[in-house]
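The values are calculated or read from the model by the stated rules, or taken from the named source; none is laboratory data. Predicted model only: the values in this text are computed from it and were never measured. Cβ coordinates were reconstructed from backbone atoms using ideal geometry, including for glycine residues, and neighbour counts include every protein chain displayed.
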Amino acid sequence: MLTVTNRDLEVLYTREQIGTRVAEMGLQITQDLKGEKLVMVGVLKGAAIFLADLARAVDAEATFDFVAVSSYGKGQRSSGAVKLIKDLDQSIEGKNVLIVEDILDTGLTLSYLRKLFLQQHPRSLRIATLLDKPSRRIEKIDADYVGFSIPNLFVIGYGMDYAERYRNLPDICLMSPEHPE
Ligand code: IMP
């Protein structure tokens, strides 16, 4: 089993804390759906683990789709430009759509996706993000469901990466900018 023993990694949220919060989010999403169907759209790759857990906490008829956008690349800084790498497989017209994202940071990604998806006229469009870093916002956008609101820290684990590494850590950990390896 993979354990967080690297001395550069400090746990911010344990798997138990994440599990509790994801269950609460699932309950709230279920209540808001009022028995209607849902299309959960995960933003690859960071949201894959969150979507897998959140989907099982939502008591509704749900289907999955995934999009991929340009990401941070190998560093901790965004290039600022958002590019669609993988589009939706199916039309979301007339559907209840929930965008599932790992982190709402500058807001560039979700603003871009929201604009893009609204052009398809979904019945409803909501956003669930596991983490929110409101102090980093460039685009004015809020999520409908937020797991944890955090200060400007760089985090890894539970799907989130640094240069594609650490996604499979079960806890959300802090990465020191001085000692990224
Ligand atoms: P935004 O477009 O700036 O809101 O960026 C959102 C994306 O940036 C997230 O989906 C992550 O992929 C990435 N990101 C932002 N902050 C972090 C972090 O602390 N750790 C890992 N990835 C991050």
**Q.** Scope region 104-154; condition under 20 Å from Glu93 (Cα atoms), of a type in the set (Lys, Arg) and within 12 Å of the ligand (Cβ to nearest atom); matching residues
**A.** Arg114
Q. In the list Ile103, Ile92, which residue meets the criterion of being modelled with pLDDT of 95 or more and closer than 20 Å to Gly46 by Cβ?
A. Ile103
Q. What is the residue count in region 148-164 for residues that are surrounded by 13 or more Cβ atoms within 10 Å (Cβ to Cβ) and either in a strand (DSSP E or B) or of a type in the set (S, T, N, Q) (or both)?
A. 7
Q: Identify, by number, the condition in (1) touching a helix residue (DSSP H, G or I) at 6+ places or on another chain (Cβ under 9 Å); (2) farther than 21 Å from Val146 by Cβ; (3) part of a strand (DSSP E or B) that Ile92 doesn't meet.
A: (3)
**Q.** Positions within region 83-111 being farther than 20 Å from Lys37 by Cα and surrounded by fewer than 18 Cβ atoms within 10 Å (Cβ to Cβ), in sequence order
**A.** Lys83, Leu84, Ile85, Lys86, Asp87, Thr106, Ser111
